[in-house]
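Student: Before anything else, here's the structure in question.
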Amino acid sequence: MRSGSRIHSLAAGAFLLALLSLGVLAMSVSTEDLIVRRSGDLIRVTAPRLHFITGKSLQRLHDGSIVPFDFQLSIASGTRSNVIQRAFERFTVSYDVWEERFSVVRLRDFRKSASNLSASAAESWCLENILAQTPALPADRQLWARLEVRSAESKEPSSSPYADPGISITTLIGIFSRPPRPAQDHWSLESSAFHLSDLKP
Amino acid sequence: MKFALLQILATAALLAQSTEPSSREPADPNINSRYTVESIGFTGQSHYRLSTGAIEEMHRLIGAKVSTEALNRLARRIRSELRATEVTFKLARGGEPNHVKVLLEVDKRKSNFDLSIPAFSYQSRQGWTGVAEAATTFGANTLTAGALSDGDTLAERYTGFKIRYDRLSFGTDRIRLGFEFDSYHELYDRATLTALDNASSSSLGAGAYRSRTDFEPSATFVLAKPLTLTVGLSFEQMQPQVSAAHSESANAVINTLRYHQRWENSDATNQELDAGYNLRAATRSIGSDLSYIRHLVNAHYGLRHEHQSVEVTLTAGVIYGHAPLFERFVLGNSSTLRGWNKYDVDPIGGNRVVHGSVTYGYHIMRVFYDTGSVWDQGKSPEARHSAGIGVSSGLGIFHKGAFLLAVAFPIRQGRADPVFIAGMNF
């Protein structure tokens with residue numbers, strides 16, 4: 001009788017774990033979806049299957065609001081957990097209600113912006129502008145790239161990024177040091193292992 | 001040493017990055033900031049009463065370029081004024097090219113469950129009074145349950161619970177419905193019991209009762225925005241002290257006309273007027289054992305200018321017929337004739353009352369003067385006065401949740417017996 005109830009509780013636990021895993025998978029993209037490229041002394045990433053201008057964020061954009069997205073690109077060496085370099089950016093997306101096109105601004109540098117974009121072009125532009133530096137990376141060791149994207153929470157107007165224009169690297173480090181909130185949209189992608197020498201400059 | 005130097009350089013580089021944008025910040029990252037605001041309104045058919053300041057702010061934004069920061073500031077202000085859960089804005093194409101309409105969306109949903117202490121007070125002579133409430137809202141319906149023990153407002157201390165259902169709109173937002181059920185157990189001061197035993201007041205409708213229940217259905221009509229009329233019935237049943245005796249009922253028609261207006265002339269000056277007339281008419285035609293008519297008029301005016309405030313409160317009431325103890329007027333508590341003991345003033349209350357109060361405030365300091373009289377028809381009124389000093393939380397007179405700590409003195413010849421008063425939300 002006791003072993004029967006134990007089996008039931010194990011089954012329930014496994015079911016919950018499966019549900020949780022499905023939830024995590026729903027917000028993840030497979031490792032092959034993050035493609036690493038070398039561009040001189042810079043490392044760029046592309047993710048053709050990543051679409052973050054969707055759902056509630058897209059609705060807010062269509063309503064004329066700005067929606068910020070926070071990015072963290074980390075490079076690990078030797079093992080996946082040995083992060084040797086991180087890059088942070090916040091991109092603010094808006095949607096032109098007349099032109100029906102998207103615009104993106106890199107918030108720590110207003111001169112870096114693009115407009116008249118489709119949703120996928122706006123997403124690509126964000127990825128093109130988050131960069132890692134190659135000189136700091138070991139040429140002979142196995143490397144992994146990991147990209148995290150979070151939509152900044154903006155339930156309260158006061159918490160909009162524009163209310164805090166002085167968004168800094170330090171703030172972004174703080175943001176990514178915490179796990180995302182349950183209601184916060186987030187995506188996480190990892191590349192397969194690569195060597196710096198394998199990447200075409 | 002080398003690593004320390006690298007760390008310092010890295011930190012310096014990060015700081016340089018972080019301070020970079022502040023030097024050329026003012027641009028709005030919203031692409032729509034190049035468009036001109038054509039109009040500002042609310043979504044749906046909603047109409048809200050806003051302060052003059054908020055309306056002026058809206059007018060300033062119309063004709064200007066879209067500013068996310070300015071619109072967020074306006075949304076925060078409206079949220080505060082309407083006590084809404086959230087106010088957001090949407091942009092839509094305007095009637096003319098390069099113009100946009102701003103639509104404000106107000107979410108007035110309250111949380112599903114609220115716990116609150118709407119009133120708490122302590123008076124060193126009469127003890128404490130407290131009300132605790134739990135409310136749940138579903139759609140336009142609110143269900144409130146509360147427990148209270150009030151030894152302040154009436155000649156008796158009544159302890160018990162109340163349950164209230166409110167339908168916040170009935171076909172239209174101008175009509176609200178309410179149903180309340182109260183059940184209280186009564187306790188009396190010795191002075192009140194003695195006075196009841198020697199009751200010479202021919203106007204007293206019922207003696208001491210050990211408990212009472214009340215069922216009160218009502219409807220409130222918004223006549224014109226600041227003016228409301230509440231009509232309803234009150235079915236009050238009183239259980240006598242001696243269980244063998246029959247219970248008595250005081251079933252009454254109730255009407256309340258209320259006017260509440262607030263003016264904000266500028267950021268520094270606010271005025272508020274709250275005035276009401278309440279009629280309770282118990283008649284045998286609706287099964288009442290007691291027959292009486294009770295009129296009560298009250299008015300409260302407040303003026304605040306910068307750190308100074310003045311409040312004036314006036315109350316007058318009259319009862320014709322034989323009203324029970326809970327309907328009779330009482331002075332000498334935490335809000336009237338502060339400093340006097342209500343059992344010294346009149347332990348069973350009276351059927352006539354006049355009271356006035358003036359409070360001057362500067363920052364958190366408060367100085368007040370109360371005067372009034374409660375008496376029975378046929379007797380001559382005796383004017384009493386009191387004064388006090390204290391501190392209050394909110395600098396404004398309109399702040400809810402304010403608390404007051406005060407020492408009050410009855411003004412009379414001979415000795416001065418100070419009374420300590422502490423209260424919240426009363």
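Student: Just to verify a number: FRET efficiency for A:Thr170 and B:Leu223, C-beta to C-beta distance, R0 = 60 Å, to 0.05?
Tutor: Values: r = 57 Å, r/R0 = 0.96.
Efficiency, rounded to the nearest 0.05: 0.55.
Student: Using a 7 Å offset from the Cα along the Cα-to-Cβ direction at both B:Val407 and B:Lys108, what is the distance between the two label points in nm, to one decimal?
Tutor: Result: 4.6 nm between the two label points.
Student: Counting Lys and Arg as +1 and Asp and Glu as -1, what is the net charge of the other residues whose Cβ lies under 10 Å from the Cβ of B:Val419? Write out the running numbers ahead of the final one.
Tutor: Details: positive: B:Arg125, B:Arg338; negative: B:Asp417.
Net local charge, B:Val419 excluded: +1.
Student: What's the extension gain from B:Asp173 to B:Ala191 if we count 0.36 nm per residue and subtract their Cα-Cα distance?
Tutor: Stretched fully, the B:Asp173-B:Ala191 segment lengthens by 1.7 nm.
Student: Once the Cβ-Cβ distance between B:Glu382 and A:Gln184 is put in as r, and R0 is 60 Å, what FRET efficiency do you end up with, to the nearest 0.05? Write down the numbers at each step before the final one.
Tutor: Numbers: r = 68 Å, r/R0 = 1.13.
So the FRET efficiency works out to roughly 0.30.
Student: I want to verify a result. In a Gaussian network model of chain B, Cα cutoff 10 Å, which of these has the top mean-square fluctuation: B:Leu74, B:Leu325, B:Leu404?
Tutor: B:Leu74
Student: Follow-up. Determine the alpha carbon to alpha carbon distance for each of B:Lys162/B:Lys225; A:Lys56/B:Lys101; B:Lys101/B:Lys225; A:Lys56/B:Lys90; B:Lys108/B:Lys225; A:Lys56/B:Lys108 and list only those over 25 Å. It would help to have the intermediate numbers written out before the result.
Tutor: On the way: B:Lys162/B:Lys225 29 Å; A:Lys56/B:Lys101 21 Å; B:Lys101/B:Lys225 27 Å; A:Lys56/B:Lys90 14 Å; B:Lys108/B:Lys225 18 Å; A:Lys56/B:Lys108 20 Å.
Among B:Lys162/B:Lys225; A:Lys56/B:Lys101; B:Lys101/B:Lys225; A:Lys56/B:Lys90; B:Lys108/B:Lys225; A:Lys56/B:Lys108, the Cα-Cα distance tops 25 Å for B:Lys162/B:Lys225; B:Lys101/B:Lys225.
Student: Give me Rg/Rg_expected for the range B:272-418, where Rg uses Cα atoms only and Rg_expected = 2.2 N^0.38 Å with N residues. Walk me through the intermediate numbers first.
Tutor: Working: Rg = 17.1 Å, N = 147, 2.2 N^0.38 = 14.7 Å.
That works out to 1.17 for the range B:272-418.
Student: By the scheme Lys and Arg +1, Asp and Glu -1, what is the net charge of all other residues having a beta-carbon under 13 Å from that of B:Gln241?
Tutor: Working: positive: B:Arg210, B:Arg212; negative: B:Glu156, B:Glu186, B:Asp197, B:Glu248.
Local charge sum for B:Gln241: -2.
Student: Now for a separate question. Bin width 5 Å, origin at 0, all Cα-Cα pairs of the range B:108-182: what percent of pairs per bin?
Tutor: Percent of Cα pairs in each bin: 3, 14, 21, 19, 15, 11, 9, 5, 1, 0.
Student: Ignoring ligands, DNA and RNA, how do B:Leu104, B:Leu314 rank by accessible area with a 1.4 Å probe, largest first? It would help to have the intermediate numbers written out before the result.
Tutor: Numbers: B:Leu104 0, B:Leu314 100 Å².
Result of the area sort, largest leading: B:Leu314, B:Leu104.
Student: Sticking with this structure for a sec: Once you place label points 7 Å from the Cα toward the Cβ at A:Ile35 and B:Ser124, how far apart are they in nm?
Tutor: My value for the distance between the label points is 8.3 nm.
Student: Calculate, for the range B:237-391, the solvent-accessible area per residue in square angstrom, rolling a 1.4 angstrom probe over the heavy atoms of the protein chains. Before the final figure, lay out each step's value.
Tutor: Values: 6910 Å² over 155 residues.
Value for the range B:237-391: 45 Å² per residue.
Student: Hey, another quick one. Could you give the accessible area per residue of the range B:75-211, probe 1.4 Å, as a whole number in Å²? Provide the component values of the computation, followed by the final result.
Tutor: Working: 7190 Å² over 137 residues.
About 52 Å² of surface per residue is accessible.
Student: Roughly what % of Cα-Cα distances in chain B sit above 32 Å, to the whole percent? Please list the in-between numbers first.
Tutor: Numbers: 45967 of 90525 pairs.
Beyond 32 Å sits 51 percent of the P(r) for chain B.
Student: Still on this structure, please answer the following. Pairs of Cα atoms under 8 Å, at least six residues apart: use those to get the relative contact order of chain B, whole percent.
Tutor: Working: 1046 pairs, mean separation 41.4, N = 426.
Here the relative contact order equals 10 percent.
Student: At 0.36 nm per residue, minus the direct Cα-Cα distance, what do B:Asp274 and B:Ala316 gain on full extension? Give it in nm, one decimal, please.
Tutor: Details: separation 42, 0.36 × 42 = 15.12 nm, distance 1.46 nm.
Result for the pair: 13.7 nm of gain on full extension.
Student: Using a 1.4 angstrom probe and counting only protein chains, how large is the accessible area of B:Ser243 in Å², to 10?
Tutor: 100
Student: How many nm is it between the label spots at B:Glu96 and B:Ser247, if each spot is 7 Å from the Cα in line with the beta carbon?
Tutor: 7.1
Student: Ok, one more. Quick check on chain B: helices-only [θ] at 222 nm, where DSSP H runs of length 4 and up contribute -39,500 (n - 2.57) each and the sum goes over total residues. Nearest 500, please.
Tutor: Numbers: 5 runs with 55 residues, N = 426.
It comes out at -4000 deg cm²/dmol, rounded to the nearest 500.
Student: Can you give the FRET efficiency for B:Glu306 and A:Lys56, using 1/(1 + (r/R0)^6), R0 = 56 Å, r = Cβ-Cβ distance, to the nearest 0.05?
Tutor: Numbers: r = 43 Å, r/R0 = 0.77.
The pair B:Glu306/A:Lys56 has a calculated efficiency of 0.80.
Student: Placing one identical point scatterer on every Cα of the range B:47-110 and ignoring solvent, what is log10 I(q)/I(0) from the Debye formula at q = 0.20, 0.23, 0.28 Å⁻¹?
Tutor: Log10 I(q)/I(0), no solvent term: -0.80, -1.02, -1.33.
The values are calculated or read from the model by the stated rules, or taken from the named source; none is laboratory data. The structure displayed is predicted, hence computed values, not measured ones. When we count neighbours, we look across all protein chains shown, and the Cβ atoms used for this are built from the backbone with ideal geometry, even at glycine. The area values use the complete protein model at the heavy-atom level, side chains included, leaving out ligands, DNA and RNA. Shrake-Rupley method; radii C 1.70, N 1.55, O 1.52, S 1.80 Å.
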